[in-house]
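One structure is given here, and the rest of the page talks about it.
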Amino acid sequence: MKRAVDEQLHMPQAGSEPASFDERRFRQALGRFATSVVVISTGSGDTLHAMTANAFMSGSLKLPLIVVSVGHRARMHERLMENGMFGMSVLSEAQESHSRHFAGEPQQWLTPRFAQVEGLPDVMLLEHAAARFAARVVDRHPCGDHTLFVGEVQVFLLDEHVPLIFFGGRYASVSAPVLTDRAAPYAASSSFPASSQPPAR
């Protein structure tokens, strides 16, 4: 039994070159962790930039913190190194096209609609998302070829949409929406009064 388990482990042998590490299999292994899909956004109007990501997690309840991992080569990385605010929209199952669009697969027919956050002029959040967060960057941590950006949530909004799921390199969804309590700190629908259609990228 032990031998069978050992044969499935993809670990470089002692003294071997780092290149022996199977990056493709490592990526496949990471893909076994089902995640939500988010669109990160910074700026507004002509300076709006958005990017799809799935390396997103909650960081803390007190303080209310969220964390997102962004690769060094992504244009969003430079924006988040410079900007103090960002938005995070958790996509609903009906927004797979938005995920593809902001992941570098332009959907010519799609016109993404963003809402501006009242009192936070540099934050735009995607409409009809399952959850939306406006956050202030409070820390940045190097993490290999990525950076972990920690944001303190200033405003968030919950909707009862079924979330979009990413698993094994494919999109999926859960069978039913999770009902939520809208009466929560930082949640106020009045914080999202204005709709707009700024440039998608």
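Mind checking which pairs have a first residue in region 73-102 that is closer than 13 Å to M51 by Cα and a second that is in a helix (DSSP H, G or I) and of a type in the set (S, T, N, Q), Cβ under 7 Å, 6 or more apart or different chains?
L91/S99
To keep it simple, each residue is scored yes or no on (1) loosely packed, with under 12 Cβ neighbours inside 10 Å; (2) in contact with a His (Cβ under 7 Å, 6 or more places away or on another chain); (3) assigned to a helix (DSSP H, G or I); (4) modelled with pLDDT of 90 or more.
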position	(1), (2), (3), (4)
Q28	no, no, yes, no
R32	yes, no, no, no
I40	no, no, no, yes
A50	no, no, no, yes
G59	no, no, no, yes
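Limited to region 94-106, what total is found for residues that are buried (at least 23 other Cβ atoms within 10 Å of the Cβ) and either within 13 Å of V123 (Cβ to Cβ) or not hydrophobic (A, V, I, L, M, F, W, C) (or both)?
The number of residues fulfilling the criteria is 2.
Since R100 meets every condition but one in (1) out of contact with any His (no Cβ under 9 Å at 6 or more places or on another chain); (2) assigned to a loop (DSSP other than H, G, I, E, B), which condition does it not meet?
(2)
From the set of residues in region 67-93 that are in contact with a Ser or Thr (Cβ under 9 Å, 6 or more places away or on another chain), outside any strand (DSSP E or B) and among the aliphatic types (A, V, I, L, M), which is surrounded by the most Cβ atoms within 10 Å (Cβ to Cβ)?
L91
Could you check E105 against (1) out of contact with any strand residue (DSSP E or B) (no Cβ under 8 Å at 6 or more places or on another chain); (2) under 14 Å from V67 (Cα atoms) and say which number it fails?
Status for E105: all satisfied but (2).
From the set of residues in region 103-128 that are touching a residue at least 40 places away in the same chain (Cβ under 8 Å) and in contact with a His (Cβ under 7 Å, 6 or more places away or on another chain), which is nearest to V37 (Cα to Cα)?
L126
For the condition over 20 Å from V67 (Cβ atoms), at pLDDT below 95 and surrounded by 15 or more Cβ atoms within 10 Å (Cβ to Cβ), what is the one hit in V178, V162, V174?
Exactly one residue qualifies, and that residue is V162.
Based on what the data block shows, is V138 of a type in the set (A, V, I, L, M, F, W, C) and out of contact with any His (no Cβ under 9 Å at 6 or more places or on another chain)?
yes
Select from region 110-139 the residues that are small (G, A, S), at negative phi and either assigned to a strand (DSSP E or B) or surrounded by fewer than 24 Cβ atoms within 10 Å (Cβ to Cβ) (or both) and list them in ascending order.
A115, A131, A134, A135 - these are the residues of region 110-139 that are small (G, A, S), at negative phi and either assigned to a strand (DSSP E or B) or surrounded by fewer than 24 Cβ atoms within 10 Å (Cβ to Cβ) (or both).
Pull up region 81-106, narrow it to residues that are over 14 Å from the mean Cα position of the chain (by Cα) and polar (S, T, N, Q), then point me to the one that is modelled with the lowest pLDDT.
Result: N83.
The values are calculated or read from the model by the stated rules, or taken from the named source; none is laboratory data. None of the values given here were measured: they were computed from a predicted structure. All Cβ positions, glycine included, derive from the backbone under ideal geometry; neighbour counts span all protein chains shown.
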